[in-house]
Each structure stands twice: as C-alpha cells, then as structure tokens.
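Just so it is clear, none of the values below were taken in a lab; they were calculated from the coordinates. A quick note: this is a predicted structure, and the numbers were derived from the prediction, not measured. For neighbour counting, all protein chains shown are included, and Cβ atoms are generated from backbone atoms with ideal geometry for every residue, glycine included.
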Amino acid sequence: MSIYFTKEHEWVKVKEGIGAVGISEHAAHELGDVTFVELPKVGAVVKQFGVLGAIESVKAASDIYAPISGKVVKVNEALDDAPEIVNESAEDAGWMAWIEIADESELKNLMTREQYDEFLKNI
Amino acid sequence: MEELKSTPIRGRHEALKALMAPFGGWNMPIQYEGIIAEHTWCREQAALFDICHMGEFIFQGDFQSGGLEDVFTFSVKSIPVGRSRYGFLLNEQGGIIDDLIVFRLAGDKVMVVVNAATADNDFSVIRSRLTGGTFTNISAETGKLDIQGPLSRAVMTTAFGEQIASIPYFKFITMNILGVEAIVSRTGYTGELGYEIFIPAVKVGELWDLLLTDDRVKPAGLGARDVLRLEVGYSLYGSDIDEATTPLEAGLEGFVNFDKSFVGKEALLRQKEQGVPRKKVAFEVAGRRSPRHHYEICFSGETVGSVTSGVFSPMLGIGIGIGFVTPEAAVIGAPITIRHERISMEATVCELPFYRGGSLRS
C-alpha cells in the first residue's frame, strides 16, 4: 500500500480507491499529548488541502487538511474518547477518516515517504 | 531582546532531553517525558520542579519605620516568624505589579519571593517605597526546587529526617541540607501536598540529584506545572493578572487587608464603591476542547470578554479555563460560548477550584 504526505504533515494510504488519512508521526510528536480530535462528518465532501478537521494537544490547536479530494465514508470514532491513540500510533491506529478518492491524479501533488523524510530534514 | 538566562541545572535538563523554551526571560524545561504523564505523576506520586528562575529579596530592618509594612496588600509585621503569606504589590491604580509570598524569617527580617519575569521591576518598585532598613536582591545566588505530590512528605522525610513531617501548610523551617542552610516551606503551585526548598544556587544540582535518586520522584516541567495550577484555579501572573487588573476584578480580595494602608488602596476602595467593570470567571467546557488565551467569551449572543488561561484537564477529562467578562455574565451556572476563528465550544461558568481531590492539606 502506498503512503503519501502533505507539507502540513498529513498522510494518505491508498487502497482500491479509498484513502485512509491521518497525521504523521513527526506531527504527533511535535504536538505532544493529543487531547482532542475534531473528526469530519461521514458524507462530507472535502477538497484536497481544504480543512478536514482539527487536532488539539496540551500545547497547541491546529487544523487538519485533506490530502486528497473526495467523500468521507468512515471516521475513527475511537479517537473521540481516546485521542491519545494518535500519539501511540499516528500512522496506523491513529487514522482519522477514510475518503473515497475523487481523483487519484491528485496524488502527484503529494510527497512519497522518501520525499517527506527529506522535507523534514529541511524544516 | 535580552539574552535568555539559565538556571544552575540547565545541563541536567538537557541530559534528560527536556524540551526547553523561553519563559519570563529564562530558558526553562517545559517537559521531559510528556506534560500529561508529568502532571499525573505529580497528582499521584511526587514531582520535582526547577524553579530557580523565581526572584528572592531580603529586607532587614524595622518594618514600620522602614516602610515595608505599607508596600504589600497584607501586613508584614503580623506574620508570625516561621510563617509565610501570599498577596500583592500594587500600583497607584490598584493594578497588580506582581503576586508574591513573604516569608517571616526573624523579628526584623523577611524574604520576598516573586515571579521571574517581574523580579527586576519588583525590586526597584519595592526599594523606591522603602524609607529604611536594608533591601537585597539574592535571586542570583538563591536556588529553588519544588517537590510536589502526595508522596512528597515521605520522600522529604526519607532524605532529610522527621522534622519535615511536622511542617504545616504555609509554614517553613530553616535547616541544614547538604551542609548548607536551606529553607523548607510547605507551599507550592499544584494543589498537592508539597514543599518549596530554597538553597544556595551552588548546591541546587546536588539537591536535584539527591531527590531524583528516590524512585517516587520524577522531574516535571513548566508545562505540567501550568496544567496543575489551573486545575486548582491559581492565577498565572502575566496571563490572568497584570498591571491593568486589580485584585477585586480577579476575585482575589481575600488577599487584600483594607484595615491597613498600602499603595493602591484608594483606587481599590473607589472600585469597591463603583463596582468592577469586569470580573474573573472560571468555566468548564462541554467536551475535550481546550480554551486558550485570547479566545473570545460570548454570552447571550454578545462578546463579553476573553479567556486568559485554558487547558484540557486530565483529572476532569474536559476543557477548563479562566477569563474576564462583564459582570452580567459572571454568574455561576451562566451558559457561555468560547469562540476563536472556526472553533466554538459551549461552556458553563463554575466555581473554583475545578479539581478538588488534591493532597494539599493532608
């Protein structure tokens, strides 16, 4: 399964037209203890790099941007009561939403794992 | 921009891989393993804080003829030797120049403990109001560590003997620690049983190391300290109170003695008569969102004030905050809305403290 990253530190894993979306381990580490995740509504239509939700830690609050356009088909409700899952497993169990991808060609606007690792070295 | 100051044990924080950040002109440890883990350790065990950035002054002389008696909102001469008292240094308008604690060391001697960012200004303001005695800034050569948490008494008696066990709240003893004279005070900023230890700066590292050899003790940073103090409703100078805020507006009248004279008294009496234009409120959010400094407070569709402190409370599992609002919204139970850009959260004005389960007086 391929994973792609945004410059705002979201990731998307693509499988059979569905993109699972979350924030990177780097972003979760920078935020520190995550205390709240605002999830999108199932059925919401989002645009690439448009606001998807929000995340808060003891230190900061930030918006989460959609790495890809499409319709939200599932959200990770476990994060409502246990947002710390994002700290424990940002790039796996800490996923936030599944998006039915509208246009896979948008993936070219994102970074591969190697490109993202390189990007992190320069910020 | 002045260069950041460091405490004597910065190297130890760096060795522990603490996240360091500027606070009040100092390069301070914000967190070690994580803010919530350190917060919870303090509520359940014992946490050790480097508080060397705070300021300490010594006044020696006659309190009345030296002018000290009229400097603060409380009487210095009525503090018994071996006790301390919290209150304010005000400007002529009744605004809070600083909140501080005075320790009565002897019949003619006190130690004044003030916030880091305000220390230099406090020293010159107090000095300008004195008419006698000697007044010395001992901040640079004085170290301070706080140990806070339900197990702190057991830790301290293990390290320094049974005499620690009998110190009541807001009392202190002077004793020999590591071969030097130190002050151990039953005070703190967390709502837990705990001690503030004042010791010469050259010995702080040794004391830090000694206390951390006890498995019940872990270091905690200023991030956890801020969550702990807000859960019990303590004000943070520079956020909740400042020179434009009076103790009456901040709900801190209990620390003002109107039976004595002090700078700012006339302004406060006028404000008592006319009523305060805004009041401090505490509020609980319906949910896990955190209110933050500068977020707007709305009541009945109108903006009535703003948030001065806010955080997610790990003990309560909800967002909590303090803010200042116009008096009509400062009613326990009032439904308010906290707003900032896309963020909106429903909240209810409540009483302080938010968290009542602390070991403070145990």
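Structure data summary
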| read-out | value |
| --- | --- |
| Which of B:Thr308, B:Thr174, B:Thr40 has the fewest Cβ neighbours within 10 Å, and the rest in rising order | B:Thr174, B:Thr40, B:Thr308 |
| Cut-off 20 Å, label 7 Å out along Cα→Cβ of A:Asn109, residues of the stretch A:1-36 by amide N | A:2-15, A:17-24 |
| Furthest towards positive pole of dipole, A:Ser105, B:Val113, B:Gly333, structure part the protein assembly as shown, Cβ charges | B:Val113 |
| Chymotrypsin sites (Phe, Trp or Tyr not before Pro) within the stretch B:199-263, DSSP loop, no more than 12 other Cβ atoms inside 10 Å | B:Phe258 |
| Loop-exposed GluC sites (Glu not before Pro) per DSSP, neighbour cap 13 Cβ within 10 angstrom, longest uninterrupted part of chain B | B:142-340 |
| Dipole of the stretch A:2-102 [Lys/Arg +1, Asp/Glu -1 at C-beta], most positive-end residue of A:Gly17, A:Phe5, A:Val73 | A:Gly17 |
| For B:284-296, mean number of other protein chain Cβ atoms within 10 Å | 2 |
| The stretch A:1-102, Rg to Rh (Cα coordinates; Rh as Kirkwood inverse mean 1/r) | 0.93 |
| Loop GluC sites (Glu not before Pro), the stretch A:17-89 (other Cβ atoms within 10 Å of the site Cβ: 11 or fewer; DSSP) | A:Glu77 |
| Dmax and Rg, reported as Rg then Dmax, of chain B (C-alpha, Å) | 20.4, 63 |
| Options B:Val125, B:Leu90, B:Ala154, ranked by Cα towards positive dipole end of the stretch B:90-206, top entry (Cβ charges) | B:Ala154 |
| Exposure proxy ranking, count of Cβ atoms within 10 Å, fewest first, for B:His294, B:His39 | B:His294, B:His39 |
| For the stretch B:92-187: span of alpha carbons on each principal axis (Å, largest first) | 46, 26, 24 |
| Calculated FRET value between B:Ser344 and B:Asn257, using beta carbons and R₀ = 45 Å, to 0.05 | 0.60 |
| Kirkwood Rh, Cα atoms: Rg over Rh of the stretch B:278-362 | 0.98 |
| Viscosity 0.692 mPa s, 37 °C: Kirkwood-radius Stokes-Einstein D of the stretch B:1-121 over Cα pairs, µm²/s | 197 |
| Separation between Cα centres of the stretch B:81-108 and the stretch B:273-307, rounded to whole Å | 29 |
| Scaled radius of gyration (Cα, divided by 2.2 N^0.38 Å) that the stretch B:55-137 gives | 0.96 |
| Size of electric dipole in the stretch B:278-362: Cβ of Lys, Arg +1 and of Asp, Glu -1, about Cα centre, debye, nearest 20 | 300 |
| Greater than 27 Å apart at Cα, pairs in A:Lys59/A:Lys121; B:Lys109/B:Lys272; B:Lys109/B:Lys260; B:Lys5/B:Lys77; B:Lys77/B:Lys280 | B:Lys109/B:Lys272; B:Lys5/B:Lys77; B:Lys77/B:Lys280 |
| Dimensions (Å) - the protein assembly as shown, Cα atoms, principal axes, largest first | 83, 55, 43 |
| B:Arg270-A:Asp117 pseudo-label distance in nm [points 7 Å out on the Cα-to-Cβ vector] | 6.7 |
| Reachable lysines, given that their alpha-carbon falls under 17 Å from the alpha-carbon of A:Lys15 and they are not under 8 places away in the same chain | A:Lys71, A:Lys74, A:Lys108 |
| Magnitude of the charge dipole, the stretch A:1-104, Cβ model with Lys/Arg +1 and Asp/Glu -1, debye to 20 | 400 |
| Only Lys, Arg (+1) and Asp, Glu (-1) charged, at Cβ; chain B dipole about Cα centre in debye | 520 |
